[in-house]
Structures are given as structure tokens and as C-alpha cells.
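Q: I'd like to ask you about the structure that follows.
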Amino acid sequence: MPPNVEAFHTTDVLMGRQPMPPGSFLGNLSAAAWPHFVHTWGPDARTYQRGEELPLGPGNQHVYIVMGGCVIQERFPLGRGHRAPKVSRFRGVGQVVGEAKLIDPSSSVTTWCLSTTWVMPCDARRLHVLLKQSREVEDALLLSLEARNRSDELIYSTADRSPVQRVGTLLAHLAVVAGAKDPNDPERITITGLSQTNIADALLLGKSTVEKAVAQLREYQVVACKYRQLMVTDMRRLQGVAAS
């Protein structure tokens, strides 16, 4: 069955009418600059299914803008040996992935789709030229990378916080950058494709620890779970739990 790309509000996104997550590249980009991307690379936009990898190997020369869905990027600082440490990061709507190719065409990062994901591939060389020509576009990218670094620090580098706070912070973030609102209940936000193993890998927590944290969040009535779906049922209270 083909993916329901209209769930991404494709027309609104391409017309620049869809609100983007604050701090993301598309959230920073002006309404005047976006049509150039749509005209140049919009016809090449496509979807990838859950579990598919984005082509971000050394032989690929594209940078991708996530317009719908969510990806997980994995790096192996000490190589891919048995039980080698892995660094996992979620990247959602409005984000640029593969940006290292703008300065190192041979760079590579394993990037696979958490759910059906809609992306715009941008030729790295042409985008590099555009960044040199447009301070506005360059600033939008640099500001988004700085915001992403700050967000990563809060989500992934706070090992002294409790598991329920850390899991809650990650889920609140994913609800904003990868969640879909229920049209019949706008307060209910669904994150599709997410498993507790994904959470454990990203936060470097044991799976049983994540299970207990999610169970506690369910007791607080701020999340609900289905198979590979997690629903945020009360965003404000979830943010309160994460910040407590």
C-alpha cells in the first residue's frame, strides 16, 4: 500500500503554510527563501518507509531536509565491532540531515527512518553555493544546528536526572518534531514507529529502566502506548514531569 503522504500536509508544506518546529531549519527559513528550494529540489522529494536507510553514504552527494516523519542517526565512535558503543539521535520535521557533506563530500552517517518519512534531497554542491550567496539561508542553517546542539544537550547529556525525567524530555521533544495531532482530539499527539528499544539506545538506558519510566508516565496519564505507537495525551503535564 502506498504511503499516505497527505498525512504530511504536503500542499501546505510546499506552499510554506505549514508551521514548522521552532528552531528547525525550516522554522528559521523565511517565506521568501523557501520557494527556491521547492522549485529546485521539490520535484525530487520522496518518501522512505520505516526501516529504510537514507542514502547518506560516502558515494552519495545529497543533503536531506525532513518534511514529514522522523529519522534516527547512528554513529559508532569506536567502529562497528561487536558490542561497540553507538550514539543514536532522533531528527524530525524541519531538520537538515547529512549536513557534513557540505564540507566533506566523503562523510557518512547511518540514517534510517523511524516511520514513513518524506524528505527533500538537495545536491550538496548546489546547496553549498546557495549558502555562500544567501546570508539568510546560511543563518537559518547555522541557527538550526546550534538549536539542535542545545536540544541534544538537554535530551541526551543529562545523565544525572531520573529516568522518568529523561524519557519524558525525549518524548516531549519527539511530540513536537515528529508527532501527528489527532484531528478529533488536538491535545493527543501520536509518535509512530517508536519502540522502547529506540528510547533505550538513544538515552543509553537499560530497556527495563525505560519500561519502568514509560509505565510511570502512563500512571501519570500523560502518555498511552500501542504497538510501535506512543501517544502523548497531555503535553503540558508531560513537560511538567520532565522539568520537575
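FYI, it's all coordinate maths here, none of it is from the lab. These figures come from a predicted structure and were not determined experimentally. Positions of Cβ are generated from backbone atoms using ideal geometry, with glycine treated the same way; all protein chains shown enter the neighbour counts.
Q: Would you grab the residues whose amide H sits under 5 Å from the one on Thr110? Only those 5+ places off in sequence or on another chain, please, with H modelled 1.01 Å from N.
A: Counting only residues 5 or more places away or on other chains, the set is Glu74.
Q: Please identify the helices of the chain, taking whole runs of DSSP H, that span at least 20 Å along their own axis as judged from the Cα atoms and have a mean Kyte-Doolittle score of 0.5 or higher.
A: Values: long enough: 135-156 (31 Å, -0.44); 163-178 (21 Å, 1.23).
Helix filter hits for the chain: 163-178.
Q: Run the count for the chain, please: Lys pairs, Cα-Cα under 27 angstrom, 8 or more apart or on different chains.
A: 9
Q: Could you point to the residue in Val223, Gln196, His128 farthest towards the positive end of the chain's charge dipole, with +1 and -1 charges on the Cβ of Lys/Arg and Asp/Glu respectively?
A: Gln196
Q: Okay, next question. With springs connecting C-alpha atoms under 10 Å apart, model the chain as a Gaussian network and identify which of Thr11, Thr158, Thr111 has the largest mean-square fluctuation.
A: Thr11
Q: Check which residues have an amide H placed less than 5 Å from His62's amide H, if you skip close sequence neighbours.
A: Ala124
Q: What's the magnitude of the charge dipole for the chain around its Cα centre, counting Lys and Arg as +1 and Asp and Glu as -1 at the beta-carbon? Answer in Debye, nearest 20.
A: Details: 27 positive and 23 negative charges, 102 e Å.
With only Lys, Arg, Asp and Glu charged at Cβ, the dipole is about 500 debye.
Q: What's the magnitude of the charge dipole for segment 106-244 around its Cα centre, counting Lys and Arg as +1 and Asp and Glu as -1 at the beta-carbon? Answer in Debye, nearest 20. Intermediate results must be reported in sequence, preceding the final value.
A: On the way: 17 positive and 15 negative charges, 38 e Å.
So the dipole magnitude of segment 106-244 works out to roughly 180 debye.
Q: Over all distinct alpha-carbon pairs, what is the Kirkwood Rh of segment 12-140 in angstrom? Mind showing how you got there, number by number?
A: Numbers: mean 1/r = 0.0657 Å⁻¹.
One decimal place: 15.2 Å for the Kirkwood radius.
Q: Using helices alone, what [θ] at 222 nm do you get for the chain, with -39,500 (n - 2.57) per DSSP H run of 4 or more residues, divided over all residues and rounded to the nearest 500? If you can, show how the numbers build up before the last one.
A: Details: 9 runs with 95 residues, N = 244.
Roughly -11500 deg cm²/dmol at 222 nm, from the helical runs in the chain.
Q: What is the pair-distance distribution P(r) of the chain, computed from all Cα-Cα distances in 10 Å bins starting at 0, with each bin given as a whole percent?
A: Answer for the chain: a P(r) of 7, 31, 36, 20, 5, 0 percent.
Q: Cβ neighbours within 10 Å, averaged per peptide: list 82-88, 224-230 in order, most packed at the top. Don't jump to the answer; show the numbers that get you there.
A: On the way: 82-88: 10.7, 224-230: 13.4.
Peptide ranking by packing, descending: 224-230, 82-88.
Q: Using 1/(1 + (r/R0)^6) with R0 = 22 angstrom and r between the beta carbons of Arg228 and Arg83, what's the FRET efficiency to the nearest 0.05?
A: Working: r = 25 Å, r/R0 = 1.15.
So the FRET efficiency works out to roughly 0.30.
Q: How much length is gained on full extension from Asp123 to His9, taking 0.36 nm per residue of separation minus their Cα-Cα distance?
A: Length gained between Asp123 and His9: 38.6 nm.
Q: Can you tell which of Gln49, Gln196, Gln221 shows the greatest fluctuation in a Gaussian network model of the chain with Cα springs below 10 Å?
A: Its mean-square fluctuation being the largest, the pick is Gln221.
Q: Please tell me the relative contact order of the chain in percent, rounded to the nearest whole number, where contacts are Cα pairs under 8 Å and at least six residues apart. Don't skip to the end; give the middle numbers.
A: Values: 419 pairs, mean separation 47.8, N = 244.
Relative contact order of the chain: 20 percent.
Q: If you build a Gaussian network model of the chain, linking Cα atoms that sit under 10 Å apart, which residue out of Ile199, Ile72, Ile103 swings the most?
A: Ile103
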